[in-house]
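Before any comments, here is the structure.
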Amino acid sequence: MSSLAQELANVAGQAKAPVLSEVTQASGQGALTPVQAPTQLVPVRPGHLAVENIKALEEEAQSFVEKVKTDPSDWQLGDFVFSLGREVMEKTQAQVSLYDRKMGSVLKNVASEDSSPVARNILDIKTELDKVNPTMVAKTEMPLPKKVMGLFTRTVNRLPKGDEILRIIAERRETVNSTIDGIRDHLRNDADQVAFDAAELSQICDALKEIQPALQEQIYLGQLIWEKLTALLDAVDDPRVKEALTTLTSDLAMAVVDLQTIDNSNLQTRFGGEMMVRNSHLVQRLVQRTDMILATAVKNALAVRVAAEQQMDTLKHLDMVQKAAAETMTDTAKVLGDAAVKGAKMSQSMTVNIEALEEACNTYEQAFDAYTSQSSNALGVMNERFRARTDALTSRRQEK
């Protein structure tokens, strides 16, 4: 179960209400007493009444009984019985009608579908997220290219794998992002409507709670009067008076039972409204949490997935660069190797040339030495000749 579905299940579990018949109070205010049998009314003091208020009600009950003793057939006595709690009942009925109308409006949206609008939108979000969930994408067949015989490509339905999953996610990201933003808007609108309904139900429940103490005071007054009339009835012997008292006591008992029924219905109505208000807070919390998750974690996850796709492309490019660099380094090494070999050969060739040059130089030196030697010999002979001639000329000059 996904975390979103689990969250919905938790909200549904928290929203479950106990059986209405087991409810004894709502918001600290309960019914005065369960509905009593008309022949077994027992006065129950409302807990909110102060001593002076209780005393005032007892005095009012006694005053009514005194009027009955004076004239049991007085028609005004019947009017009092039938009007007992009427004003409070009308106020209660007005609020209950508002409650029924509001609950009908709330339930209409829910009854039209299998789930509430909020739940539907959350499930729609999950559907959209599945489109960019790598696990779900990997499990979904889709039209993808496939090479046939290594010659041409055709489209077939198959499961994506590897970089295809990331490419699909990257392609879907903007569309899914836009759709989720739209659903988030609807989700927030639904949450606003839930909050509005909760606010109206809260007002109705508060009004019913304010009415209930006055209703319980009327019930207590009726119980006191009924108890006193029942005691008076046992002491009356006149058949006509007894008949009038019996009728009046019976009508009063039915009036008290009606008020008790309204009192218990008031509690059940408030309890239902309070549960709806409580559930609305749960829904709002769920919406806020879901919206926060979508605004942060999900979008960040989508960004990370797209970044992963970009990183994959970068890694591919880097791999290409590394391969190219490796090839360049290999080529360079090969060239350097060739150059080294060639240099070695040139070095060897250079050695041979030097040897030849040395040989040539040696030959030149030998030739130069030979030439110099020959020139010296020739010069010596010439000097001897010149010396002989010079000496002869010198002698001849001296003789003169």
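Where a number appears in this text, it was derived from the coordinates with a stated rule and is not lab data. Bear in mind that the values here come from a model prediction, so they are computed numbers and not experimental data. Cβ coordinates were reconstructed from backbone atoms using ideal geometry, including for glycine residues, and neighbour counts include every protein chain displayed.
Observations
- A straight chain from residue 156 to residue 86 at 0.36 nm per residue would run longer than the Cα-Cα distance by 17.4 nm.
- Above-threshold pairs, the threshold being 20 Å between Cα atoms, out of 67/91; 67/228; 102/209: 67/91
- In terms of packing, defined here as the mean over residues of other Cβ atoms within 10 angstrom, the peptides 135-141, 208-214, 223-229 line up highest first as 223-229, 208-214, 135-141.
- Extension reserve of the residue 126-residue 42 stretch, reckoned as 0.36 nm per residue once the Cα distance is removed: 24.4 nm
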